[in-house]
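One structure below.
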Amino acid sequence: MKKIKLLCVISLLLTVGFYSCKNSSNKKTEEGKLENVVLAFAWNPGPENAFVYYGIEQGFFEDEGIKLEIRPFKGSGIVAEMLANESVDFGFISSDYIVTSRIKGTPISAIMTLYHESPVTIYSLKEKGITSLDSLYHKKFGVIKQSATYPQVKGMFELTNRDYSKVIEVATRASSQELMHKTIDAAMDYTNYSPCILQAEGIEVNEILAKDYGIEMAGISIAGLTKTFRDKETLTQSFINAMVKSLNESKKHSKESLATLLQNDITQNPDILKIQLKRTEELFYTKKTDINGAGFLELSDWQKTQNTLKKINAIDQTIDPNFFFENSFYIKAWKKYND
């Protein structure tokens with residue numbers, strides 16, 4: 001009996017010793033030492049968010065001492081409000097909202113830029129033959145006027161001296177289903193969303209991309225308050241370290257990245273999401289990112305974004321882009337990732 005008790009004690013000590021060693025070498029199991037960080041999504045989890053879930057799954061955030069909480073919202077405008085009132089620490093947000101918020105006095109700045117070009121598109125069924133802005137004349141075009149996409153779509157016409165009044169605007173949800181039901185001839189969205197839904201069903205589509213019609217704008221960025229960068233400098237750096245690693249590592253592991261997103265939103269259709277993620281990766285990883293890494297954007301590109309917004313009358317003034325653009329955290333994170 002004594003021998004049995006002794007064996008049990010030894011076994012227990014070995015088990016405790018094993019977990020103690022594990023705890024001392026891995027932040028992921030150090031209860032109470034992780035700092036809470038709240039990250040806002042601009043919508044329900046989508047293909048642009050997959051790399052975050054992959055990073056969480058791989059422990060990249062916990063390795064940086066961060067316990068990441070995700071909160072989805074309904075639009076970049078709401079994310080801007082949440083950042084302004086400090087309800088969240090960082091957020092996915094359309095770059096035009098960063099510029100307009102800063103002009104209005106809200107001290108929001110981008111610290112990573114995910115889309116180096118505008119993802120806005122006008123899409124239609126291939127059978128409609130709508131392949132240019134001119135071919136959209138006298139066609140029913142589904143729009144959402146409250147959307148950040150709408151000014152860019154109108155700007156495509158303005159910047160190329162075309163007459164938007166010849167297009168028949170229809171206030172709709174601008175969804176792929178409305179195209180299928182023939183209630184509209186074309187619609188607006190991001191190229192990595194609705195067009196991919198149709199393609200997953202084997203339906204051919206035509207796209208007219210905003211970037212091909214004078215819209216020189218960045219797309220989705222990661223932003224925060226300048227106050228956060230100042231008061232929580234170390235935490236901000238740790239967060240960006242994890243984001244940069246997640247973004248660049250997920251490129252090497254697309255299948256795993258897709259799987260983690262599906263685990264966190266079981267309502268997603270895997271076939272659709274696979275196509276959406278592939279298209280999203282084409283937006284993330286460009287020739288520019290081969291040099292400076294995914295997530296990086298030049299100051300000059302932010303100036304182009306602001307200039308385009310002014311040309312399409314989305315803003316009535318411009319300011320120094322250094323007020324809404326902060327690259328120093330990214331540069332340090334990219335260096336750490338490559339060391």
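In Å and from the alpha-carbon atoms only, list the Rg and Dmax of the chain.
Taking only Cα atoms of the chain, I get Rg and Dmax of 23.1, 93 Å.
Between Lys74 and Gln263, what FRET efficiency follows from the Cβ-Cβ distance if R0 is 25 Å, with the result rounded to 0.05?
Details: r = 23 Å, r/R0 = 0.90.
For R0 = 25 Å, the calculated efficiency reads 0.65.
Translational diffusion coefficient of the stretch 81-157 at 25 °C, 0.890 mPa s, Stokes-Einstein with Kirkwood Rh over Cα pairs, in µm²/s as a whole number. Walk me through the numbers before you get to the answer.
Values: Rh = 15.1 Å.
Value of D from the Cα-based Kirkwood radius: 162 µm²/s.
If amide hydrogens are placed 1.01 Å from N in the peptide plane, which non-local residues have theirs closer than 5 Å to the one on Glu35?
The answer is Ile66, Lys67.
When Lys and Arg each count +1 and Asp and Glu each count -1, what net charge do the other residues less than 11 Å away from Ala294, Cβ to Cβ, add up to?
Details: positive: Lys245, Lys251, Lys288; negative: Glu249, Glu281, Asp290.
Around Ala294, the charge tally is 0.
Roughly how compact is the stretch 120-213, stated as its Cα Rg over 2.2 N^0.38 Å to two decimals?
That works out to 0.96 for the stretch 120-213.
Provide the packing ranking of 144-152, 317-325, i.e. peptides ordered by the mean count of other C-beta atoms within 10 Å per residue, highest first. Intermediate results must be reported in sequence, preceding the final value.
Working: 144-152: 18.0, 317-325: 15.4.
Highest-to-lowest ranking by the protection proxy: 144-152, 317-325.
Taking amide H positions as placed 1.01 Å from N in the peptide plane, with prolines and chain starts having none, which residues 5 or more places from Asp189, or on another chain, fall under 5 Å of its amide H?
Those lying under 5 Å, H to H, from Asp189 are Thr121, Tyr123.
In units of 2.2 N^0.38 Å, what is the alpha-carbon radius of gyration of the stretch 218-324? Can you show the working numbers first?
Details: Rg = 16.9 Å, N = 107, 2.2 N^0.38 = 13.0 Å.
For the stretch 218-324, the normalised Cα radius of gyration is 1.30.
For a quick protection proxy, order the peptides 226-232, 206-212 by their average other-Cβ count within 10 Å, most packed first. Provide the component values of the computation, followed by the final result.
On the way: 226-232: 14.9, 206-212: 18.6.
Sorting 226-232, 206-212 by mean packing, highest first, produces 206-212, 226-232.
Under a Cβ-Cβ cut-off of 12 Å, what is the net charge of the residues other than Gly155 that fall near it, where Lys and Arg count +1 and Asp and Glu count -1? Please report the intermediate quantities before stating the final value.
Values: positive: Lys154, Arg162, Lys211, Lys310, Lys311; negative: Asp96, Glu158, Glu216.
With Lys, Arg at +1 and Asp, Glu at -1, the neighbours total +2.
From the phi of every residue in the stretch 39-48, what ³J(HN,Hα) in whole Hz does the Karplus formula 6.51 cos²θ - 1.76 cosθ + 1.60 yield, where θ is phi - 60° and glycine or proline is x?
Result, rounded to whole Hz: 10, 8, 9, 7, 7, 4, x, x, x, 6.
Anything in the chain that counts as a DSSP H helix reaching 30 Å or more along its axis (C-alpha) with Kyte-Doolittle mean of at least -1.0? List them, would you?
Passing helices, by number: 2-25.
Given the -39500 (n - 2.57) contribution per DSSP H run of 4+ residues, what per-residue ellipticity at 222 nm results for the chain, rounded to the nearest 500 deg cm²/dmol?
On the way: 15 runs with 160 residues, N = 339.
Taking each H run of at least 4 residues, the total per residue is -14000 deg cm²/dmol.
Read-outs: derived from the displayed coordinates by stated rules, not from any lab. Keep in mind that what you see is a predicted model, and the values were worked out from it rather than measured. Cβ: placed from backbone, ideal geometry, glycine included. Neighbour counts: every protein chain shown.
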